[in-house]
Each structure stands twice: as C-alpha cells, then as structure tokens.
Amino acid sequence: MKKHATLISVFALCAWSQAGIAQSTLIAGQVTKVDVSAGNITIKHGPIKKLDMDQGMTMVFHAQDPEMLKAVKAGDNVKFDADSVNGQLIVTKIEKGK
Ligand SMILES: [Cu+2]
C-alpha cells in the first residue's frame with residue numbers, strides 16, 4: 001500500500017513538470033532560413049523576455065545540435081527554446097508548430 005502511494009506521487013510530479021515546460025518556455029516563431037552546414041537558423045520571433053528581447057525580430061541563432069535543423073525548413077512555424085551561452089544565442093530545442 002505504501003509503495004503504491006509513492007508511485008502515484010512520482011508520476012504526478014513528472015506530469016506537472018512537463019506541462020510547465022510546454023507552456024512557459026517555448027517561443028513561437030517562423031523559420032526564414034536554415035543553414036545546416038553552418039549550424040545556423042534564422043527565426044522571426046516574438047518577444048523573449050528571458051533574453052531581454054522586448055520586441056519581435058528576425059535573427060540568427062546557432063543550433064545546439066545541427067542535426068535538429070534537419071527537421072525544419074524555411075517557412076515553417078515553430079516553437080523553440082533559446083539560451084544565451086557566452087554571448088551567443090543558442091537554440092536548445094525546436095519543434096514544428098501548427
Ligand atoms: Cu531576437
């Protein structure tokens with residue numbers, strides 16, 4: 001009985017954290033250019049508060065892993081996450097939106 005209760009609470013915690021990530025950290029944007037060989041992607045995006053971008057803009061990001069750029073192409077609407085690493089903006093996650 002005790003073991004069962006522990007399993008349920010671990011599962012609930014996991015589901016909660018995944019929902020939090022999906023809602024709060026992904027940024028909506030549109031891909032305008034992909035350069036897989038250089039590992040760069042140009043994205044037109046809205047405000048990104050955590051990166052001090054108060055307005056939308058079109059800019060180049062470096063991909064954390066160039067392989068992930070193969071899943072998207074110019075014109076795609078995407079949801080992505082980005083971080084500033086040593087002054088360079090890195091896309092850490094990208095997925096196709098609708
Ligand atoms: Cu920007």
Surrounding charge for GLN64, neighbours by C-beta under 14 angstrom, Lys/Arg +1, Asp/Glu -1, total -3
Within straight-line cross-link reach of LYS44, aspartates and glutamates at Cα separation under 20 Å, skipping those fewer than 8 residues along the same chain: ASP35, ASP52, ASP54, ASP65, ASP76, ASP81, ASP83, GLU95
Longer than 23 Å from Cα to Cα, which of LYS33/LYS70; LYS49/LYS70; LYS73/LYS98; LYS50/LYS73 are they? Say none if no pair is. LYS49/LYS70; LYS50/LYS73
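Coordinate-derived values only; no laboratory data. Treat the numbers as computed from the prediction; the structure is a model and nothing was measured. Neighbour counts are summed over all protein chains in view; Cβ atoms, including those assigned to glycine, are modelled from backbone coordinates with ideal geometry.
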